[in-house]
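Working notes, beginning with the structure itself.
No lab work stands behind these numbers, since they all come straight from the coordinates. Computed from a prediction, not measured in an experiment: that's the story for all the values here. For neighbour counting, all protein chains shown are included, and Cβ atoms are generated from backbone atoms with ideal geometry for every residue, glycine included.
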Amino acid sequence: MEPMDQKSTEKLFQKLSAEQQKQVQSILSDKSKTEEILKTPQAQAILKKLMGEK
């Protein structure tokens with residue numbers, strides 16, 4: 001699996017519904033929510049895959 005680049009991320013974001021996009025933007029605009037989510041084991045696993053780590 002290749003690491004995601006900016007274009008891939010944008011394409012993925014565009015596939016979300018308007019409501020999902022709104023939710024993602026809301027989470028990303030709140031630093032504490034973002035940090036809380038990124039610390040979860042699930043997020044860590046996804047990040048490793050996206051970064052091309054095994």
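Please work out how much length the chain gains when fully extended from Ser26 to Lys7, using 0.36 nm per residue of separation minus the C-alpha to C-alpha distance, in nm with one decimal.
Extra length from Ser26 to Lys7 when fully extended: 4.7 nm.
With springs only between Cα atoms under 10 Å, which of Leu12, Leu28, Leu38 fluctuates most in a Gaussian network model of the chain?
Among Leu12, Leu28, Leu38, the largest mean-square fluctuation in the Gaussian network model of the chain belongs to Leu12.
Only Lys, Arg, Asp and Glu count, each charged at its Cβ (+1, +1, -1, -1), so figure out the dipole size of region 12-54 about its Cα centre, rounded to 20 debye.
160
Run the count for the chain, please: Lys pairs, Cα-Cα under 17 angstrom, 8 or more apart or on different chains.
8
Answer with a single label: of (1) 24, 13, 10; (2) 20, 17, 8; (3) 38, 13, 5, which was calculated as semi-axes √(5λ) of the Cα gyration tensor in Å from the structure in view?
(2)
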